[in-house]
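**Q** Below is the structure I would like to discuss, written out as structure tokens.
The values are calculated or read from the model by the stated rules, or taken from the named source; none is laboratory data. Just so you know, these numbers come straight off a predicted model, no measurement behind them. Virtual Cβ from ideal backbone geometry, glycine too; neighbours counted across all protein chains shown. Accessible surface is based on the protein model in full, side chains and every heavy atom, while ligands, DNA and RNA are left aside. Shrake-Rupley method; radii C 1.70, N 1.55, O 1.52, S 1.80 Å.
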Amino acid sequence: MTLLRATPLSSAFTLTGHAIVSADGMIALADGSMPDGLRVDADWQAFQAALDKSVLVILGRKGHARHPNPGRPRLVLTGAVQSLAKDPDDPLAHLWNPAGMPFASLLDALQIRGGDIAITGGQGVFDYFAPAFTTFLLSEVHNLVLPGGTACFSDGHPRQVLARSGLVPAHVRPLVAEGEATATLWQ
């Protein structure tokens with residue numbers, strides 16, 4: 001599925017990306033699985049708290065299939081539907097094909113009028129929303145490299161892509177005492 005690019009929304013919304021990456025910008029191994037080295041407790045706790053506060057969580061079909069929904073409204077990007085459909089297996093999830101319905105129309109259909117929308121990946125989802133992110137919380141594990149892994153963005157390291165999208169690093173905090181992992185808020 002070729003994704004169309006999202007366009008910026010009104011100020012009633014924030015589109016916040018969330019990713020933890022290796023030093024070389026990978027979000028997963030080549031098979032799509034997440035290695036233990038990308039699991040950082042402080043990041044996971046902050047990530048879950050952010051998702052709990054979001055009005056909608058947007059992710060790809062592979063992530064949706066791999067990680068069961070803990071009761072949050074979800075939007076799954078997929079080419080398996082014409083435009084928008086309820087997920088038959090998850091009462092809080094909708095399946096959406098961006099080629100069949102613009103994002104603003106989708107928000108109207110779901111009656112979402114404002115709030116933080118969490119974008120959690122994978123690569124195609126991050127690529128689609130790259131020009132529209134309001135903020136992006138990028139966590140990095142600095143001592144881990146995943147050659148041949150799945151990149152966060154298809155066209156470069158997340159820091160490069162976020163900078164090209166007009167975001168700047170606003171705050172950096174260590175995730176572990178040794179500084180081997182950090183979280184940077186891009187705005």
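**Q** Within the set of pairs 6 or more residues apart or between chains, which connect a residue that is touching a residue at least 40 places away in the same chain (Cβ under 8 Å) inside segment 101-112 to a residue that is open to solvent by less than 60 Å² (accessible area, probe 1.4 Å) and small (G, A, S) with Cβ atoms less than 7 Å apart?
**A** F103/A6
**Q** Look at segment 64-86 and say how many of its residues are part of a loop (DSSP other than H, G, I, E, B) and either farther than 20 Å from Y128 by Cα or touching a His at 6+ places or on another chain (Cβ under 7 Å) (or both).
**A** The number of residues fulfilling the criteria is 6.
**Q** Further, regarding this structure: Within segment 49-71, how many residues turn out to be at pLDDT 95 or above and open to solvent by 30 Å² or more (accessible area, probe 1.4 Å)?
**A** Total satisfying the criteria: 4.
**Q** Right, something else. Sort through L167, L138 and tell me the only one that's assigned to a strand (DSSP E or B), open to solvent by less than 40 Å² (accessible area, probe 1.4 Å) and of a type outside the set (V, I, T).
**A** Selected residue: L138, the only one of L167, L138 that is assigned to a strand (DSSP E or B), open to solvent by less than 40 Å² (accessible area, probe 1.4 Å) and of a type outside the set (V, I, T).
**Q** Okay, moving on. Just give me the residues in segment 17-48 being crowded, with 21+ Cβ neighbours inside 10 Å, out of contact with any Pro (no Cβ under 8 Å at 6 or more places or on another chain) and not hydrophobic (A, V, I, L, M, F, W, C), in sequence order.
**A** Once the filter is applied, which keeps residues that are crowded, with 21+ Cβ neighbours inside 10 Å, out of contact with any Pro (no Cβ under 8 Å at 6 or more places or on another chain) and not hydrophobic (A, V, I, L, M, F, W, C), segment 17-48 yields G17, H18, S22, D43.
**Q** Filter segment 111-135 for residues that are more than 14 Å from V76 (Cβ to Cβ), in a loop (DSSP other than H, G, I, E, B) and under 11 Å from the mean Cα position of the chain (by Cα) and give the result.
**A** Scanning segment 111-135 gives a single hit, F133.
**Q** Follow-up question, since we're still on this one. Could you list all residues from segment 92-105 that are open to solvent by less than 60 Å² (accessible area, probe 1.4 Å) and in a loop (DSSP other than H, G, I, E, B)?
**A** Correct list: N97, P98, G100, M101.
**Q** Next question, about the same structure. Out of D108, D89, report the one residue that is open to solvent by 80 Å² or more (accessible area, probe 1.4 Å), out of contact with any helix residue (DSSP H, G or I) (no Cβ under 8 Å at 6 or more places or on another chain) and part of a helix (DSSP H, G or I). Walk me through how you get there before you give the answer.
**A** Numbers: D89 fails: part of a helix (DSSP H, G or I).
Checking each option against the conditions leaves just D108.
**Q** Look at T150 and say whether it is in contact (Cβ under 8 Å) with a residue 40 or more places away in the chain, crowded, with 19+ Cβ neighbours inside 10 Å, among the hydroxyl-bearing types (S, T, Y) and closer than 15 Å to R74 by Cα.
**A** no
**Q** Can you find a residue in segment 115-123 that is surrounded by 14 or more Cβ atoms within 10 Å (Cβ to Cβ), over 22 Å from A49 (Cβ atoms), of a type in the set (A, V, I, L, M) and at pLDDT 95 or above?
**A** no
**Q** Which ones in segment 147-156 are in a loop (DSSP other than H, G, I, E, B) and either more than 15 Å from the chain's Cα centre (by Cα) or basic (K, R) (or both)? Outline the logic, then answer.
**A** Here is the first cut: in segment 147-156, the residues in a loop (DSSP other than H, G, I, E, B) are 147-149, 152, 154-155.
If the condition is that a residue be in a loop (DSSP other than H, G, I, E, B) and either more than 15 Å from the chain's Cα centre (by Cα) or basic (K, R) (or both), then P147, G148, G149, D155 are the ones that fit.
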